[in-house]
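Working notes for the structure below.
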């Protein structure tokens, strides 16, 4: 490969990701200006594969909200929602969206259309409460896709198991109920062939997503799961089921394979390989990442890239011969995997720790999200009792800068790396 | 299977000592009735708020123990949770970690993002089965009842494994019958609250109801029957107090002293305190498939709460109906600190109350709060404003 070709390839995922994201948002702004209604969905079980067959613009309020934080404007939105009556102690994503709706859909990146329908799973209970807000504001249909998760750690019945089949029938039945609602909202008939197309693209994307995540086992790590990973994640969600999304992931795999073969890492001097558990600190996103990279710490993997992709990391492949049934099965498996990575993640983390040859795990529970954060302290305690794994536990928020203390974070992070350094020095002395 | 009597010391008491005894039981963090139950060699199935089909546990001979937090400091459990969580999660785990209550199984529900983490947290700390009962969250699906019937069957299988016996349909019918009686008595208690609230203060009624989560419903029904007779014949003077609905006690419970503080200036004529105990509004049919009947009742003959989304039961409309049906003049709209569903619903409730022209008092509480002076003064001011408006 020529130097120029390599130059074009390395970093392409980030550049293309940013470009696609801008285009996607520009399309949402056009839809808003034309007065077209959108489907409001969430990242864990978006059902974009189905919604796209009805040509509905797809709005991800979680992504909109986090963008306000990344762009340092979240506090304005949070204040507005709190003035409206919402408590400082509820999800910041919800509040930023409330303020967005009060502003007629205006966001730093553009404008979003109003909801023609909201479709969401129960992967996060707040999804359901959130949709109730739109229901009251707009009177639009809101449809819960109830996807039962694992009942306990390690209880993961698969296809053929009576418990799994029971859940699958329920999810499929709900999809059958959703379709007439979508037909009614869009005045279009459901087109099974179009569903096959979107499912095929989603298959390519999921395969690519898993391959990209697996490739980060390379030394040095090819991408930072915290920062670069969030860009890939954005494409995985916003363009799910589209040819552009499929092409993007094919090309991303190509880029990562090249970087792996060439030994090109995300850091020039990777000293520590880390796993991230929780949700990133978006109000100081860049600085938060730097607090680790300055020490040579690279995030090689994260549970965020699992659950916030709706379980796409498990690379479930839809059976195009039975599209709707397979969509139900994929939704059940994907959302269940996403929930497991939040509620029952210890075994998976230990496995990942070995597979990625990690040096430590960073737990980052946040005030805003109880789904992700409630069990993390206990999960960490459990993990430490089962394996000799260095870990760091830091709390802040994904939206609210009032609960983000950079100085405190830095103190804790510096101490963590100092511990990792002395641990490494100690084991070097022992082996000598 | 005849359940053991665990609150025998309350039998035969006159009303005042009986109510005092209920209050003592409720505030005792050592849960003596549960301990006595276990001492009889009978299993205990702990279930978190809000609703649990207790009939399934009852039919197996186990005690369905309602976990609703406790007046304890979360010394052990605090390190197992993050900072921004409601108290009930922590104290419910605390009493289990401390051994103040011993369980044979723990069940939580997807009522909120925090509560459904409890299956993982308990599961990592205890050897006994800890799981989530996935009550349907699409109550409007035509398939929800069938799904729930299957989920109940799965739960029953787990309970049978824990208890070590088979539960037959007739066992379930018998338990449903026991619970129908109990629910009818609780409806009577609430009827008294609505029609003659001066006969029973809010904290007294609450204590009388809540102890039902600490003993078999047969024993609780016995207590209730006697208490209701005595309450009806109680000589109490009607006072000039405003009638209010208390909303916000569906999961974490306010301390009894807070309810008492409210009842010093208001008649609480209806509320959603421990709404899970009164979730099913009518008798569950005994004929036919008992699990299907329970599932159908959960969905079709049930109350409302911020943690269930059902297009047929918009919560703000349900609150307005509760206010109207109870003849309340105002509402106390509370939420437990850090309770997301409750705090989110407060916004909707207050806007709906504004729209309907109903006066309301907004506040937050925590189960372990100990100072009520400030709140009481605010509430008195609110009441005075209403009375002299």
Size-normalised alpha-carbon gyration radius of the stretch A:336-381, reference 2.2 N^0.38 Å
1.17
Taking the Kirkwood radius as the inverse of the mean 1/r across Cα pairs, report the Rg/Rh of chain B.
0.94
At q = 0.14, 0.15, 0.21 Å⁻¹, work out log10 I(q)/I(0) for the stretch B:151-277 with the Debye formula, treating every Cα as an identical point scatterer and leaving solvent out; two decimals please.
-0.69, -0.76, -1.22
Given the Cα-Cα distance of residue A:423 and residue A:411 and 0.36 nm per residue of separation, how much length would full extension add, in nm?
2.5 nm
Isotropically averaged projected area of chain A, using the convex hull of Cα atoms (one quarter of hull area), nm²:
21.4
Rg to Rh ratio, the stretch A:83-233, alpha-carbon atoms and Kirkwood radius?
1.01
With the contact rule set at Cα under 8 Å and sequence spacing of 6 or more, what percent relative contact order holds for chain B?
19
Quick one: among B:40, B:130, B:251, which has the greatest mean-square fluctuation in a GNM of chain B with alpha-carbon springs under 10 angstrom?
B:40
For the residue pair residue A:106 and residue A:15, what label-to-label distance in nm results when each label sits 7 Å from Cα along the Cα-to-beta-carbon direction?
3.4
Compute the separation of the alpha-carbon centres of the stretch B:223-278 and the stretch A:395-410 and state it in Å as a whole number.
43
Taking 7 Å along the Cα-to-C-beta vector as the label spot, tell me the residue B:127-residue B:311 distance in nanometres, rounded to one decimal.
5.0
One would report the antiparallel percent of DSSP beta bridges in chain A, rounded to the nearest 5, as 10
What's the Kirkwood radius of the stretch B:223-322 in Å, using all Cα pairs?
16.1
Out of the DSSP beta bridges found with both residues in the protein assembly as shown, what percent are antiparallel (nearest 5)?
5
Relative contact order as a percentage, the stretch A:3-431, C-alpha pairs under 8 Å and 6+ apart, gives 19
Within 10 Å of each Cβ in A:172-184, the average number of Cβ atoms from other chains:
2
Working note, the stretch A:363-432: Cα radius of gyration (Å, one decimal) and Dmax (Å, whole number) are 14.9, 48
Out of B:358, B:268, B:107, a Gaussian network model of chain B with alpha-carbon springs under 10 Å gives the largest mean-square fluctuation to B:358
Cα gyration tensor, the stretch A:218-297 - rounded (a/c under 1.5), prolate or oblate:
oblate
Relative to the first principal axis of the alpha-carbon coordinates of chain A, what is the inclination of helix A:92-102, with its axis defined by its Cα atoms, in degrees from 0 to 90 and to the nearest 10?
40
The stretch A:116-192 and the stretch A:312-344 have their Cα centres apart by a whole-number Å value of 13
Candidates A:69, A:18, A:328, ranked by Gaussian network fluctuation over chain A, Cα under 10 Å, top entry
A:18
Take every Cα-Cα distance within the protein assembly as shown, group them into 20 Å bins from 0 onward, and report for each bin the whole-number percent of pairs it holds.
15, 48, 31, 6, 0
Is there a simple number for the mean count of other chain Cβ atoms within 10 Å of the Cβ of residues in A:140-150, and what is it?
5
Given labels modelled 7 Å from the Cα in the Cβ direction, how far is it in nm from residue A:84 to residue A:211?
4.3
Let me know the mean shielding of B:306-316 by other chains, meaning the per-residue number of their Cβ atoms within 10 Å of its Cβ.
3
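Any read-out appearing in this document is the output of simple, stated calculations on the displayed coordinates, not a laboratory observation. Since the model is a prediction, treat every value here as computed from it, not as a measurement. With ideal geometry, Cβ positions are generated from the backbone for all residues, glycine too; neighbour counts draw on all protein chains shown.
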